[in-house]
Every structure is written in structure tokens, then in C-alpha cells.
Amino acid sequence: MNLIDQDRIWLEETLKKFIGKMEWVSEKSRDKIPATTVNGVHDDRSAGADTWTADNGLSWWTNGFWGGILWQLYHETGRERYSEIAGISEKKLDQCFTDYYGLHHDVGFMWLPTAVADYKLTGNEESKKRALHAAGLLAGRFNPAGKFIRAWNDGADKDTRGWAIIDSLLNIPLLYWASEETKDPRYRQIAMLHADMAMNIFIRPDGSSNHIVEFDPENGDVVKTYGGQGYENGSSWTRGQSWALYGFVISYRHTRKKDYLDTAKRVANYFAVNIPEDGLIPVDFRQPKEPCWMDDTAAAIAACGFIELSKEVEEWDREIYFNAAMKLLKALTDNHCDFTENSDGMLTHCSGAYHMAEHHVNLVYADYFLLEALLKLKGNDYFMW
Ligand code: GLY
């Protein structure tokens with residue numbers, strides 16, 4: 001879709017501010033792997049040997065997004081300093097393979113925006129090996145009885161052998177890539193079995209998605225669902241809706257299986273009618289009116305999904321999805337974007353989960369998906385997934 005003049009100016013100005021800020025943030029945080037900010041300063045999930053295997057340490061699921069921002073900037077500007085800084089975090093993540101126990105289904109989130117991007121943009125053979133290794137680990141989490149990829153590892157008091165979560169739809173593109181790269185269909189077959197399962201079991205008749213489904217890991221029967229990071233069981237965690245929307249478009253893009261496109265449309269229609277008047281997205285579409293917790297990550301991810309969906313649908317459906325993306329992005333940049341030097345982060349109203357103590361914080365993946373969406377509008381994103 002072509003932007004009208006006014007929107008083109010908004011896009012140019014916003015990208016200029018984003019990239020201008022990343023000029024100094026990338027230098028300041030060059031040796032870190034940030035997930036959030038503390039008093040406006042990026043934290044570092046790679047700091048300290050004691051955090052290597054911890055869930056919030058080097059194996060933390062968002063540790064690929066810093067690299068992702070840098071590779072998008074490298075692709076946009078051609079400046080080597082961005083690829084050089086991206087390479088620092090990619091090499092640090094190697095320790096996760098050795099430690100092994102910290103790893104989970106989020107290896108896609110970790111190595112698609114780092115190693116796969118590096119390999120595709122520079123031809124780095126070491127990166128290709130890293131990414132194939134990660135793909136093997138992800139494929140190894142597949143449970144043939146329930147036809148799902150196991151999400152998390154057991155906690156002290158939690159048996160998660162049968163848990164699958166909607167977020168995995170953004171991890172399985174690592175499997176599509178591995179099949180495209182090796183010509184071995186096994187990875188893609190696993191990805192499609194998982195996507196089929198998600199389509200049939202996670203997506204509700206109204207187009208909304210569950211966050212967590214528990215299967216019996218021995219016979220594959222559905223045991224129960226959980227509200228997960230949303231308000232409660234049966235509610236509608238917005239980031240989960242975004243993973244579903246963007247995830248099914250991505251699966252369609254890799255496979256051209258029409259069911260995935262139809263499912264993406266159903267989820268997108270549900271999301272679109274629930275966008276509030278002001279375009280700012282709550283943590284859960286079914287949360288109480290107060291407190292008014294918001295989540296910019298959901299908005300930024302959904303915007304990417306809406307834009308990609310608008311490219312795949314028939315002419316007459318394009319505008320509705322494209323306009324939904326514009327509404328979300330303008331609401332974010334008008335209200336929730338900090339382009340100043342007061343903080344290393346950009347989007348200010350992110351929430352990890354509804355019931356977490358902290359809300360309205362910076363989260364690195366919100367900034368990543370905002371940049372990806374803006375570059376999509378410009379027609380110059382690197383397709384990460
Ligand atoms: N993939 C975990 C989350 O979205 O919080």
C-alpha cells in the first residue's frame with residue numbers, strides 16, 4: 001500500500017528519530033544484551049557467570065532482539081558498525097549451547113535475529129552452523145503424540161512436559177529456514193504439524209487465541225488450558241493474539257497453505273475490532289477496566305502482522321489491515337515513544353504479563369518490532385522470520 005503524503009512525512013521523521021537514537025544507544029550498550037532498562041539504562045542479560053543458565057540470564061528468550069535491531073539497522077544503513085556490534089551478542093550466545101539446560105522453545109527468537117540474519121546478510125558460515133544447531137534443538141522438542149513443540153522446561157513445582165504456547169509460532173520459522181537451507185523437509189514438516197495443531201486447538205471460534213494448552217505428553221490428549229500471561233483462563237492476552245496473527249501469516253508465507261492465511265485473517269479480524277478508540281493496546285482484551293495496564297509489545301507485533309497480511313490478501317481486503325497497522329503505530333509513536341537521551345529504551349508502556357508486579361516498562365522486543373514495522377512501511381525491512 002502506498003502512504004499518503006502526510007503519513008510519508010510521519011514515517012520519515014519517526015525513522016530518523018529512531019535511527020538517530022540508536023546511533024548512540026548502540027555504542028553505549030555495545031557489550032550488553034539488553035532486555036529492559038533500569039532507571040533509563042539498559043540492563044545486561046549477559047553479565048555475570050552466575051546468570052549463564054538462569055531463565056533470566058544468557059538463555060533469556062529475548063536475547064536475540066538486540067541483535068535483531070542491529071541487523072535491521074545494518075540492512076537499512078549499510079553501516080558495518082551495526083553488524084560488528086550485532087556479532088558481539090551472537091558470539092556470547094554460544095555459551096547457551098554448551099550450558100544446554102537453560103534452553104527452551106524460544107531458540108527461534110534467539111537465533112533467527114542473530115545467527116540466521118548474520119548468515120543471510122553476510123554469508124557467515126559460523127552463523128549458519130549456530131542456526132542449524134538451534135533448529136535441531138527446536139525440532140527435538142516436538143512431541144509426536146500431541147503434535148506440538150514443547151514450550152518450557154519444568155520449574156521446581158511445575159510439570160510442563162505437555163505444555164505448548166501460542167508464542168511458538170514465531171519460533172518455528174527457524175525450522176522453515178532450516179528446511180529451505182538444507183533441502184531436508186523434516187524441519188518444515190515439524191513446523192507445519194505444530195502450526196496445524198495451533199490452528200485447530202489454540203484458536204477459538206471467535207478468532208481469539210489461548211495462551212497455553214496442556215496436553216497429556218504420553219497420549220496427546222488435551223488436558224486443559226491456562227490464561228498464562230493474560231488476565232485469566234479464557235481471556236485474551238494481547239501479545240498472544242499478536243503472536244497468532246503474525247505467526248500464521250509467516251507460516252503462510254513459508255508454506256502457502258491457505259488454511260494459515262484464513263486463520264491469520266480470523267485472528268486479525270478479532271484483533272482489529274478490539275483495538276480501542278485511542279489505538280493503545282491493553283495487556284488483555286478481556287481485562288477489567290481498572291487498572292488500565294497496557295502493552296506496547298502487543299501493538300508493535302500486531303502492526304507487523306497486519307502489514308504482512310495486507311500484502312497477502314485480495315485487493316479489497318488490503319486497506320482494512322493496513323489501516324489497522326497505521327492506527328497502532330501512530331498511537332505508539334504519538335504517545336509512548338521516548339526518543340530522548342533520558343532512556344536507552346524507546347517504547348515506554350510494555351508489560352511482560354498481566355499479573356507481574358511491574359508494568360509500563362521498556363522491553364527490547366517492543367523496540368525491535370516497532371523498527372521492523374516502520375521499515376516494512378518504508379518497504380525496506382529485512383524479513384527476519
Ligand atoms: N514469548 C514470551 C512472551 O511473549 O512473553
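Since every read-out is calculated from the coordinates, none of them should be taken as a lab result. All of these numbers come straight from a predicted model, not from anything done at the bench. A quick note on method: Cβ atoms are made from the backbone with ideal geometry, for glycine too, and the neighbour counts reach across all protein chains shown.
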**Report entry** Inter-part distance where region 324-340 and region 238-299 are each reduced to a Cα centre, Å
**Finding:** 17 Å
**Report entry** Translational D in µm²/s for the chain (Stokes-Einstein at 10 °C, 1.306 mPa s, Kirkwood Rh from C-alpha pairs)
**Finding:** 77 µm²/s
Report summary line: Within the chain, excluding any GluC sites (Glu not before Pro) found in a DSSP loop (not H, G, I, E or B) and having at most 13 other Cβ atoms within 10 Å, the longest uninterrupted segment runs 1-217
**Report entry** Computed helical MRE - 222 nm, the chain, DSSP H runs ≥ 4 contributing -39500 (n - 2.57), nearest 500
**Finding:** -16000 deg cm²/dmol
Requested in this report: Sort Cys304, Cys292 so that the residue with the fewest other Cβ atoms within 10 Å of its own Cβ comes first and the one with the most comes last.
Outcome: Cys292, Cys304
Query - Lysine pairs meeting the criterion (Cα under 23 Å, 8 or more apart or interchain), as found in region 150-305 - result: 4
Query raised in the report: What does the highest-first list of 97-104, 256-263, 152-159 look like by mean Cβ count within 10 Å?
Result: 256-263, 97-104, 152-159
Report task. Give the calculated FRET efficiency between Asn39 and Lys224 to the nearest 0.05, with a Förster radius of 51 Å applied to their Cβ-Cβ distance. Result -> 0.80
Report task. Mind giving me the nanometre distance, one decimal, between the label points for Arg318 and Arg81, set 7 Å out from Cα along Cα→Cβ? Result -> 3.8 nm
Report task. Take the cross-link list Lys17/Lys92; Lys17/Lys330; Lys16/Lys92; Lys120/Lys378 and give me the ones stretching past 26 Å between alpha-carbons. Result -> Lys17/Lys92; Lys16/Lys92
Query - In region 335-377, chymotrypsin sites (Phe, Trp or Tyr not before Pro) in a DSSP loop with at most 15 other beta-carbon atoms within 10 Å - result: Phe339
Report summary line: Treating only Lys and Arg (+1) and Asp and Glu (-1) as charged, each at its beta carbon, one finds that region 230-333 has a dipole about its Cα centre, in Debye to the nearest 20, of 320 debye
Report task. State log₁₀ I(q)/I(0) for region 165-287 at q = 0.12, 0.13, 0.15, 0.16 Å⁻¹ as given by the Debye formula over alpha-carbon point scatterers of equal weight, solvent excluded. Result -> -0.45, -0.52, -0.68, -0.76
Report task. Kindly put Ile307, Ile201 in sequence by how many other C-beta atoms sit within 10 Å of each C-beta, fewest to most. Result -> Ile201, Ile307
Query raised in the report: Can you give the FRET efficiency for Asn2 and Glu358, using 1/(1 + (r/R0)^6), R0 = 51 Å, r = Cβ-Cβ distance, to the nearest 0.05?
Result: 0.80
Query raised in the report: If you wrap region 130-234's Cα atoms in a convex hull and average its projection over all directions, what's the area in nm²?
Result: 7.3 nm²
**Report entry** Cα-derived Rg to Rh of region 1-143, Kirkwood definition
**Finding:** 1.02
